[in-house]
Amino acid sequence: MVKDRVPHIIFLYWIIKIASTTLGETGADMFSMTFNLGYGTTIAIFMSLFLVLLVIKLLLKGYHPWAYWLTFTASAIAGTAISDFIDRTLGLGYASGSAVLVVLLLIVLAIWHRKERSINVEYITTPSVEIFYWTGFLIANTLGTAAGDFIADNLGLGFQGGAILVTGLLVVIALLHFFTKISGTLLFWLAFVLTRPFGATFGDFLTKPISKGGINIGTVLSSIFFSVVLIFAIIRETKLEKERAGAFPSEERCQGPKG
């Protein structure tokens, strides 16, 4: 039986994803700024962690929630630090940085589709395809951070306005998913990128000083809070996976939704 290596895309997936991406924002800021490690060191730490966790994930068979979400969270923190490095240290700015990352993501998706004839994220059964999957996710996480900063700063919406705008766009995508025949894969990637700036702007709103539009809770407390949320959500996901496996012991997802 061929086992799928990635989670079902259900409501809980998006809850965990948003918690993870928000932790990615607050965690990266905590290490790079609060702990004063800088972007370069933070990138080195979490890219190394991401690669180690990815190797472990690739060696495992099937879907294991803890391995998956730890890998995802490491990519989210690394992605935030990479985005800040591109935008601030290299001086490209949020708009140019976002544009570069959009191009990189499209290139990865194009190569993935050319090789596999699909970029379906719900049916990943081999380590080679999963490498495309995680490469796309790392770039999309980085893009989401840059896009969130662009919306908040360049468009002048601030953290609250940015969160409201992204929430509205996500609601539109959800409506398109349920009430139109637009490709589910396309809508997934749009939602995936947009939930990143949603988490990023929310994380900035919690951590930034009041003078900059935040509420100044701080990166440490915010990171602890979202770590706890993430842990409980993954415990719930693990329980659901066990129940699903028990109810359908011979289940084989031979194809994902059309897209």
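So which residues in the range 61-83 are among the small types (Gly, Ala, Ser) and surrounded by fewer than 19 Cβ atoms within 10 Å (Cβ to Cβ)? Answer for the range 61-83, where residues must be among the small types (Gly, Ala, Ser) and surrounded by fewer than 19 Cβ atoms within 10 Å (Cβ to Cβ): GLY62, ALA67. Among residues of the range 126-141 that are within 17 Å of LEU106 (Cβ to Cβ), those with a beta-carbon under 9 Å from a residue that is assigned to a helix (DSSP H, G or I) and among the acidic types (Asp, Glu) at least six positions away or on a different chain give the pairs PHE132/GLU116.
In a helix (DSSP H, G or I) and over 20 Å from TRP112 (Cβ atoms) - does that describe any residue in the range 180-188? Taking every residue of the range 180-188 in turn, none turns out to be in a helix (DSSP H, G or I) and over 20 Å from TRP112 (Cβ atoms). Taking the range 1-60 as the range and being out of contact with any helix residue (DSSP H, G or I) (no Cβ under 9 Å at 6 or more places or on another chain) and within 20 Å of GLY144 (Cβ to Cβ) as the test, only PHE11 passes.
Looking at the range 107-151, which of its residues are out of contact with any Lys or Arg (no Cβ under 9 Å at 6 or more places or on another chain), assigned to a loop (DSSP other than H, G, I, E, B) and not polar (S, T, N, Q)? ARG117, ILE119, VAL121 - these are the residues of the range 107-151 that are out of contact with any Lys or Arg (no Cβ under 9 Å at 6 or more places or on another chain), assigned to a loop (DSSP other than H, G, I, E, B) and not polar (S, T, N, Q).
If you check PHE188, PHE202, PHE159, PHE150 for being open to solvent by less than 40 Å² (accessible area, probe 1.4 Å), in contact with a helix residue (DSSP H, G or I) (Cβ under 6 Å, 6 or more places away or on another chain) and aromatic (Phe, Trp, Tyr), only one passes: PHE159. If you go through the range 210-256 and keep only what is open to solvent by less than 80 Å² (accessible area, probe 1.4 Å), farther than 30 Å from SER118 by Cβ and at pLDDT below 80, you end up with GLY213, GLY214.
A search for C-beta distances below 7 Å between a residue of the range 205-228 that is on the phi < 0 side of the Ramachandran plot and among the aromatic types (Phe, Trp, Tyr) and any residue that is at pLDDT below 85 and part of a helix (DSSP H, G or I), counting only pairs 6+ apart in sequence or on different chains, returns PHE205/PHE159; PHE205/GLN160; PHE205/ALA163. Taking the criterion of being under 15 Å from LEU138 (Cβ atoms), surrounded by fewer than 19 Cβ atoms within 10 Å (Cβ to Cβ) and in contact (Cβ under 8 Å) with a residue 40 or more places away in the chain, the only residue of the range 84-103 that qualifies is VAL102.
Would it be correct to say that LEU58 is assigned to a helix (DSSP H, G or I), over 21 Å from GLU237 (Cα atoms) and not basic (Lys, Arg)?
On the way: assigned to a helix (DSSP H, G or I): yes; over 21 Å from GLU237 (Cα atoms): no; not basic (Lys, Arg): yes.
When the stated conditions are applied, LEU58 does not pass them.
Of everything listed in (1) within 18 Å of THR135 (Cβ to Cβ); (2) in contact with a Phe, Trp or Tyr (Cβ under 9 Å, 6 or more places away or on another chain); (3) open to solvent by 60 Å² or more (accessible area, probe 1.4 Å), the single unmet condition for LEU37 is (1).
Quick check: is even one residue across the range 119-135 over 17 Å from THR185 (Cα atoms), open to solvent by 20 Å² or more (accessible area, probe 1.4 Å), under 19 Å from the mean Cα position of the chain (by Cα) and among the β-branched types (Val, Ile, Thr)? Checked against the condition, which is being over 17 Å from THR185 (Cα atoms), open to solvent by 20 Å² or more (accessible area, probe 1.4 Å), under 19 Å from the mean Cα position of the chain (by Cα) and among the β-branched types (Val, Ile, Thr), the range 119-135 yields at least one hit. Can you tell me which condition ILE86 does not meet? The list is (1) under 30 Å from ILE231 (Cα atoms); (2) hydrophobic (A, V, I, L, M, F, W, C); (3) part of a helix (DSSP H, G or I), and all the others hold. For ILE86, the exception is condition (1). Candidates in the range 1-18 are the residues that are touching a Ser or Thr at 6+ places or on another chain (Cβ under 9 Å) and part of a helix (DSSP H, G or I); of these, the one that is farthest from VAL129 (Cα to Cα) is ILE18.
The values are calculated or read from the model by the stated rules, or taken from the named source; none is laboratory data. Given the structure is predicted, the values throughout are model-derived calculations rather than measurements. Methodologically, a virtual Cβ is constructed for each residue, glycine included, from the backbone with ideal geometry; neighbour enumeration extends over all protein chains shown. Ligands, DNA and RNA are excluded from the accessible area calculation, which covers all protein heavy atoms including side chains. Shrake-Rupley method; radii C 1.70, N 1.55, O 1.52, S 1.80 Å.
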